[in-house]
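Okay, so here's the structure we're looking at.
The values are calculated or read from the model by the stated rules, or taken from the named source; none is laboratory data. The structure displayed is predicted, hence computed values, not measured ones. Don't worry about glycine lacking a Cβ; one is built from the backbone with ideal geometry, like all the others, and counts go over all protein chains shown. The protein model used for the area step is the full one, side chains on, heavy atoms only, and it has no ligands, DNA or RNA in it. Shrake-Rupley method; radii C 1.70, N 1.55, O 1.52, S 1.80 Å.
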Amino acid sequence: MAPEADYRLGQAVVPSHYDIEIEPDLDVASFIGTVGIDVEIREVTSRIVLNAIELELHDATVVVGDAVYSAVVSLDDESERATLTLDSELPIGAARISIGFRGTLNDDLRGFYRSVYTTDEGVEKTIATTQFEATDARRAFPCWDQPDFKATYTVTLIVQDGLMAVSNAAEIARETLESGNVKVSFAETMKMSTYLVAFIVGELEATDPLDVDGTPLRIIAPPGNMHLTPFALDMGAHALRYFSAYYDIPYPGDKLDMVAIPDFSFGAMENLGCITYRETALLLDAEKATHTEAQRVADVISHEIAHMWFGDLVTMKWWNGIWLNEAFATFAEMKCVDAYKPEWKRWLSFSGFRAMSQETDALGATRPVELTVESPEEANAMFDVLTYQKGSSVLRMIEQYLGQDVFRAGVTRYLKTHAYSNTDTPDLWAALEAESGEPVGQIMDTWIFQGGYPRVTVSANGDHYTLSQEQFRFLGQGEKTWLVPLLYRSSDGEDRVVLGGDPVSIEAGEDLVVNAGGEGFYRVKYEGDLAEGVVARLADLDPIERYSVVSDSFAYVLAGDLRADDFLLLVSNLTDEEELDVWAAVLSGLGELDRVASSSDREAMQNFVTGLVSQKADELGWAVGDGESDRRRALRGLLLKSLGNLGNDRGTIEMARTVFASADDVDPEIADAALMIVAANGAVSDFDGFIESSEEADDPQSKIKYLRAATQIPDTAAAERMFAMVLDGTIRSQDAFWVVALLLGNRETGAFIWELVMENWDATVASMPVLNVRRMLDLIQYRSEPDVAASIMEWFETHEIPSGEKHVAQKMEQLQVRVALRERESSRLAQTLKTSPLQGYGR
């Protein structure tokens, strides 16, 4: 790999302002444009180097005062650079560069690209839209395409009459040209990085602007979707007000448009004033949506609006710091949604995010949250569970240790100090230290600059307790230590301590809880009678603490430190559990054990699940009571799905089929449960109905829901048809990765699909955006059948995935963990279940 300097542009010429004019031709999928760039020449030079790729550049000139210099343009595709060479040297001082360019509206969902939708009349329409993060602005116009070259931008779009044109700033002028096209001019933006520039052209509709304390807010989408915008408008208005208050800084743009794009590789993109979204992350039928679907829209909107300050106003200097942008926005979205809907208990459900990242971080193939990034490919690889979920989890941990008010004051200090500029990670720690007086940098560096996390062991020692730490790993041993900002409580009160490499002694009551509040990014192991005491007091723990006990216990099962039957003993104490997320943790563990049970032994596992879940499921029933909360309705859906699919309860399956076939309006959670039960117990004969329902659905969540159902049919003929729809483009490229992932993760058909993937490797990779290819492996760890697992690991010894080297290594290690789980537990778990029914596990 080339050194970082090979990818970073020098400081001899620095831009301050861009005037961009672009004219897209949607009919032929091309665009032409010009860019004028105000720069400062800092060193005498006859060469100017900037970024450009997939563009034809022409008519390049440099103006210095009254002198005009013509430049010869050369392009280097490998380095993604353009060099302007002049006959004479340019003096130090101000200059103006002008370049003409032309390019293609690509189908790769990056740079300036095509997105297509079909009207109700069956007419296909094209949108031209942008996605520039991390390093793809250079595919739309020549520029200094790295985050530390901040500048202001004035965008002008020349479009066909009747098309909407949108960019980062407010529209300020409109002129009809002799050609009949319309020239749309936008105001100058604030100083920002190139990856935040956006422009969109197409037949689109917009809501009337909603005035949010002086900021006009609109939702923009393909025609026919305005009925799906009220939730996003309400959430967007809340988020604008919430973050303006939280940061104590006014919104930095002059307007905010949130735009639904039919083809979009990410979930959303935080372009200042012009946030783009995958349709499922913005448009919502609130009457038909499940709790999970509504929460996701709220989460994503909050995440992107949080970025308007943390990421856009203040930006990392280089891509090694992308974790701070994304981790903080993930942390901030939780706070915003929690303030919007406190009854959703968003910090409790955040426990699932933390557990997700802890699984990856317990691997030998983990990485530090922040590490050296050199190439664009390495920058793209940073968008993963460690950047988002681990990063946000450790920020939550230090916030809880410092106190929310102190943490917030530090964030505000950081943003006000560095507004319109770029930062490194230590800048945030310095602001938090200034407000708290605590050694934040010293503590947090141990979490950010090394991968992994600790297990804290708690042992009784006379009249006090001893806390010690060791690195937690699924496979092998680790030698790292951390400075753990640890909270604990008992009937004697609450306290905190920083646990380092040496054990510490604390005093507390007999009902000690370590990791009080459950927000620490570490696991806890109680020795001897202390463990029994925690289990006996499960019902008295806070829900997040209870979640942590379950999550920690199953992690120990995966590591081979705890037998699976001990996990069953633990969860048998939770038949009366009321919290959705605790049940989710329980059923996730049971689902993993079900996957390693042989087909002949599954009935015993199913009986255990049915015995565990039935009491609460029967209490909730199939009918919604008056005034039920969203979370209680979601719990009903989760337990019904678990009874039907994990428990194979025949009565539940038959009821699901009745509900699914009914024309009556049904609660969304019940309808979703019925659909997924029917799918998981269905046949190829159900396939066409699911696909037809997806095509006819009038909201994006339902379209996706029926596609997901089609992947769950336990029939190889159905799976083969679904896979063929990926290869022939029937499945949108943006959705191809998760469709393949679900097919590979299907217990019954996944091994068959893996054979098809190998046979059609090049076509499979080509079916999805390059940045999403690695995500098709998201569930590959569940192919733990020894022969299939061996085939997978052998395959990836010779086949690479773009930006996927680390992800593949992690997935192969997760697969090894499941293979080992199968070897340890398959036979002994079956024997235990057959000889010890549920009542033997604490009922």
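Here the chain is treated with +1 on each Lys and Arg Cβ and -1 on each Asp and Glu Cβ, and its dipole about the Cα centre works out to around 1160 debye.
Once C-alpha pairs closer than 8 Å and six or more residues apart are averaged by separation and normalised to the residue number of the stretch 672-761, the relative contact order reads 25 percent. Name the shape class, rounded, prolate or oblate, that the alpha-carbon gyration tensor gives for the stretch 682-835, where a ≥ b ≥ c are the square roots of its eigenvalues, rounded holds for a/c under 1.5, and otherwise prolate holds if a/b is larger than b/c and oblate otherwise. It is oblate, given that a/c is not under 1.5 and a/b is not larger than b/c.
Translational diffusion coefficient of the stretch 107-219 (Stokes-Einstein, Kirkwood radius from Cα pairs, 37 °C, 0.692 mPa s): 211 µm²/s.
Rolling a 1.4 Å probe across the protein heavy atoms gives the stretch 624-781 an accessible surface of 38 Å² per residue. Relative to the longest principal axis of the C-alpha atoms of the chain, give the angle of the C-alpha long axis of helix 687-696, reported between 0 and 90° and rounded to the nearest 10°. In the chain, helix 687-696 runs at an angle near 40 degrees to the longest axis. Ranking 663, 738, 682 by how far each Cα lies toward the positive end of the dipole of the stretch 640-744 (charges on Cβ) leaves 738 at the top.
Considering only 292, 798, 167, the residue lying farthest towards the positive end of the dipole of the chain is 798, judged by Cα position with unit charges set on Cβ.
In the chain, a dipole from Cβ-located charges (positive for Lys and Arg, negative for Asp and Glu) runs towards its positive end, and of 315, 280, 429 it is 429 whose Cα lies farthest in that direction. Comparing Cα centroids, the stretch 301-377 and the stretch 589-655 end up 32 angstrom apart. Solvent-accessible area assigned to carbon and sulfur over the chain amounts to 46 percent, based on a 1.4 Å probe. For the stretch 371-381, putting each phi into the Karplus relation 6.51 cos²θ - 1.76 cosθ + 1.60 with θ = phi - 60° gives couplings of 8, 4, 10, 10, 8, x, 4, 5, 4, 5, 5 Hz, in residue order, rounded to whole numbers and with x for Gly and Pro.
Accessible surface area normalised per residue over the stretch 242-290 is 23 Å², counting heavy atoms of protein chains with a 1.4 Å rolling probe. The Cα atoms of the chain define a convex hull whose projected area, averaged across directions, is 35.7 nm². Looking at the chain, the DSSP beta bridges with both ends there are about 80 percent antiparallel. Contact order for the chain, expressed relative to its length and based on alpha carbon pairs under 8 Å spaced 6+ residues apart, stands at 8 percent. Rounded to the nearest 20 debye, the dipole magnitude of the stretch 1-151 is 360 debye, with +1 charges on Lys and Arg beta carbons, -1 on Asp and Glu beta carbons, and the Cα centre as origin. Apply the a/c threshold of 1.5 to the C-alpha gyration tensor of the stretch 237-358 and tell me whether it is rounded, prolate or oblate. Verdict is rounded for the stretch 237-358. For the stretch 11-111, the solvent-accessible area of protein heavy atoms averages 47 Å² per residue (probe radius 1.4 Å; ligands and nucleic acids excluded).
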